[in-house]
Amino acid sequence: MFIALVVAAVGSLGTPLITSVATTFHVSLDSAQWTLTVALLSGAVATPVLGRLGAGPHRRATILATLAIVVVGSALTVLPLPFAGLLVGRAAQGVGLGLTALMMGVARDHLPEERSAATIALISVVSIIGAGVGYPLTALLAETGGVRAAYGFGLFVTAVALLTAWRSVPAAPEGRSAHVNLAGALVLAGGLFLVLFLAGRQSLWSRHLAVAVVLAVAAVFLLCVWTVSELRSRTPLVDVRAVRHPAVAGANIAMFVGGSGMYLLLTLITRYAQTPHSAGYGFGLTTFVAGLVLVPFSVLGFVAGRLTPRVRTLVDAPVLLAGSAVVVGGGFVLFAAARSNLAELLVAMGVLGFGVGSFSAAMPGVILAVTPQSETSSAMSFNYVVRSVGYSLGSAMGGLVLAAGTDTGRLFPNDHAYTTAALVGVAAMTVTALTAAALARHRPPRLTPAPATAAMPSPGRSSR
């Protein structure tokens, strides 16, 4: 759980430091935005590869090597290097975002079933609320000691995480093998790069629509080629046959649509809080104080994560997913109807945190109920890739709606643009709730847990 928290917090280092990076390195805000984008890109690409390696006998070595890469990347962000060196360091830090699924594999292999379920749920929640922990802390460090001090914090905690993993992470059970399809990994990397690039560059759609459409078609083509190659491969990067299982496919659709909605509301609230009074709304909060607005998100998200395993004894995971989506939708309604004072923003953020926490804690239960124990890391890695793309889409949707609501010559959007964006979020969470409800009507039989020392073959193909 500590490792999952660290990689999530370090992954969030780009968000509160964009302005500081632009000032320190004398680059534009668009260029500084890449300190966040490049980490998300490398994380999305590395996650399925790490998930496949984590399904094999060298999981411990994979975890340690990945954390070592993150530590080296953290060191690059601290050293007095040019902006390109900072981007390389942030890309290396982003690789660590794929470790969360491997931690779930460790928990499922080495803990009793009831304890592992609760631990996996909490790991999923911690990977979400880590951003809420990292945002205000790094913003405070940046304001007091500069951008290097904030990145120095990342170096310290990643080094501690590496030491923790070396001391505590056990070896994977014997009898497993895992091969990485390098060609498939490269094709997937290209497709994901284009998807996340297009999601993060809203100006491309408004200024160069033809280029954006061509890149979108290329992304779809690459992802289709990757899917076909995975179905034909004996050693696929992701077990696409297992992903096509109705429960897994439905969960990933819910994660994609729900993730876009959740990140949309997070973006709207933080941006609204930092908008200066001169815009006619907003509170003009500094980066650090705006980061504190995330505290209710993290606290209530953690509370929901702790409560969810107990509620799971009474309610099926798909029902919990649907209920969590309704809670997040309630947060959108609160934000759309009442945001005249800061207390109302805090309430909306707390509702969002509780919904995200319960949603994240329930999601592994839906997927792992039909996933062999040996495929835990790979299955959850794919879900995290879907989540990353959904988050990027949510950020892009927020930017596009607010940009459409910005009058010519004005820097900030009109207040009603936030209401429009909130209604878009309500629609997204409605789709998510309906998708999860459909899963509840088709509950799959639970797999019998495999012994810790035996590997189970993936559905649809022979044991590797």
What pairs come up if the first residue lies in region 126-145 and is in contact (Cβ under 8 Å) with a residue 12 or more places away in the chain and within 18 Å of MET103 (Cβ to Cβ), the second is in a helix (DSSP H, G or I) and open to solvent by 20 Å² or more (accessible area, probe 1.4 Å), and their beta carbons are under 6 Å apart, counting only those six or more places apart or on different chains? VAL126/LEU5; ILE129/PHE302; GLY130/LEU5
Identify the residue in region 76-98 that is outside any helix (DSSP H, G or I) and either within 23 Å of THR47 (Cα to Cα) or of a type in the set (A, V, I, L, M, F, W, C) (or both) and, among all such residues, is least open to solvent (accessible area, probe 1.4 Å). LEU81
Do we have any residue at all in region 163-180 that's aromatic (Phe, Trp, Tyr), open to solvent by 50 Å² or more (accessible area, probe 1.4 Å) and over 30 Å from THR19 (Cα atoms)? yes
In the list ARG271, ARG310, ARG232, which residue meets the criterion of being open to solvent by 60 Å² or more (accessible area, probe 1.4 Å), within 25 Å of VAL333 (Cβ to Cβ) and among the charged types (D, E, K, R)? ARG271
On the basis of being open to solvent by less than 40 Å² (accessible area, probe 1.4 Å) and either assigned to a helix (DSSP H, G or I) or at pLDDT below 95 (or both), does SER340 make the cut? no
Within region 17-36, residues of a type outside the set (A, V, I, L, M, F, W, C) and either modelled with pLDDT of 80 or more or at positive phi (or both) come out as THR23, THR24, HIS26, THR35
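Given the criterion within 26 Å of VAL293 (Cβ to Cβ), in a helix (DSSP H, G or I) and open to solvent by 30 Å² or more (accessible area, probe 1.4 Å), identify the matching residue among PHE193, PHE153.
Numbers: PHE193 fails: within 26 Å of VAL293 (Cβ to Cβ).
Being within 26 Å of VAL293 (Cβ to Cβ), in a helix (DSSP H, G or I) and open to solvent by 30 Å² or more (accessible area, probe 1.4 Å) holds for just one of PHE193, PHE153, which is PHE153.
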Of GLY291, GLY305, GLY323, which residue is in contact with a Pro (Cβ under 7 Å, 6 or more places away or on another chain) and in a helix (DSSP H, G or I)? GLY291
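Is there a residue in region 344-352 that is touching a residue at least 60 places away in the same chain (Cβ under 8 Å), over 18 Å from the mean Cα position of the chain (by Cα) and part of a helix (DSSP H, G or I)? Show your work before the answer.
Quick first cut of region 344-352, residues touching a residue at least 60 places away in the same chain (Cβ under 8 Å) only: 345, 348-349, 352.
Checking which are over 18 Å from the mean Cα position of the chain (by Cα) leaves us with 345, 348.
Narrowing the set further to residues that are part of a helix (DSSP H, G or I) leaves 345, 348.
Yes; the residues of region 344-352 include at least one that is touching a residue at least 60 places away in the same chain (Cβ under 8 Å), over 18 Å from the mean Cα position of the chain (by Cα) and part of a helix (DSSP H, G or I).
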Looking at (1) buried (at least 18 other Cβ atoms within 10 Å of the Cβ); (2) farther than 26 Å from THR420 by Cβ, which is the one condition that is false for ASP316? (1)
The correct count of residues that are at pLDDT below 80 and open to solvent by less than 50 Å² (accessible area, probe 1.4 Å) in region 398-440 is 2
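Given the options ALA65, ALA55, ALA4, name the one that is at pLDDT 90 or above and closer than 30 Å to GLU375 by Cβ. Talk me through it step by step, then tell me what you get.
Working: ALA55 fails: at pLDDT 90 or above; ALA4 fails: at pLDDT 90 or above.
Result of the check over ALA65, ALA55, ALA4: ALA65.
Out of LEU194, LEU186, LEU182, LEU155, report the one residue that is touching a helix residue (DSSP H, G or I) at 6+ places or on another chain (Cβ under 6 Å) and either farther than 21 Å from THR100 by Cα or basic (Lys, Arg) (or both).
On the way: LEU186 fails: touching a helix residue (DSSP H, G or I) at 6+ places or on another chain (Cβ under 6 Å); LEU182 fails: touching a helix residue (DSSP H, G or I) at 6+ places or on another chain (Cβ under 6 Å); LEU155 fails: either farther than 21 Å from THR100 by Cα or basic (Lys, Arg) (or both).
Only one candidate qualifies: LEU194.
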Within region 199-283, helices (runs of 4 or more DSSP H) holding 1 or more residues that are within 19 Å of LEU400 (Cβ to Cβ): 202-207, 209-232, 246-274
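Filter region 314-338 for residues that are among the aliphatic types (A, V, I, L, M) and touching a residue at least 12 places away in the same chain (Cβ under 8 Å) and give the result. Write out each step before concluding.
Of region 314-338, the ones among the aliphatic types (A, V, I, L, M) are 314-315, 317, 319-322, 325-328, 333-334, 336-338.
Across region 314-338, the qualifying residues are ALA317, VAL319, LEU320, LEU321, ALA322, ALA325, VAL326, VAL327, VAL328, VAL333, LEU334, ALA336.
Would you check if LEU285 is free of Cβ contacts under 8 Å to residues at least 60 places away in the same chain, touching a Leu at 6+ places or on another chain (Cβ under 9 Å) and over 19 Å from ILE129 (Cα atoms)? Break it down stepwise before answering.
Numbers: free of Cβ contacts under 8 Å to residues at least 60 places away in the same chain: yes; touching a Leu at 6+ places or on another chain (Cβ under 9 Å): yes; over 19 Å from ILE129 (Cα atoms): yes.
In short, yes.
Taking region 393-433 as the region of interest, how many residues are in a helix (DSSP H, G or I) and without any contact (Cβ under 8 Å) to a residue 24 or more places away in the chain? Give the steps one after another, and end with the answer.
Our first condition is that a residue be in a helix (DSSP H, G or I); within region 393-433, this holds for 393-404, 415-433.
Filter once more, keeping what is without any contact (Cβ under 8 Å) to a residue 24 or more places away in the chain: 401, 404, 416-417, 420, 427.
Result for region 393-433: 6.
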Out of (1) closer than 30 Å to SER340 by Cα; (2) open to solvent by 30 Å² or more (accessible area, probe 1.4 Å); (3) out of contact with any Ser or Thr (no Cβ under 7 Å at 6 or more places or on another chain), the odd one out for VAL213 is which? (1)
Please verify whether GLY134 is closer than 25 Å to VAL49 by Cβ, in contact with an Asp or Glu (Cβ under 8 Å, 6 or more places away or on another chain) and surrounded by 21 or more Cβ atoms within 10 Å (Cβ to Cβ), treating the condition exactly as stated. no
Going residue by residue through region 347-368, is there one that turns out to be more than 26 Å from LEU434 (Cα to Cα), open to solvent by 10 Å² or more (accessible area, probe 1.4 Å) and of a type outside the set (D, E, K, R)? no
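The values are calculated or read from the model by the stated rules, or taken from the named source; none is laboratory data. In this text, all values refer to a predicted model and were calculated from it rather than measured experimentally. Here the Cβ is made from the backbone with ideal geometry for all residues, glycine too, and neighbour counts use every protein chain on show. Note: accessible area is taken over every heavy atom of the protein model, side chains too, but ligands, DNA and RNA are not part of it. Shrake-Rupley method; radii C 1.70, N 1.55, O 1.52, S 1.80 Å.
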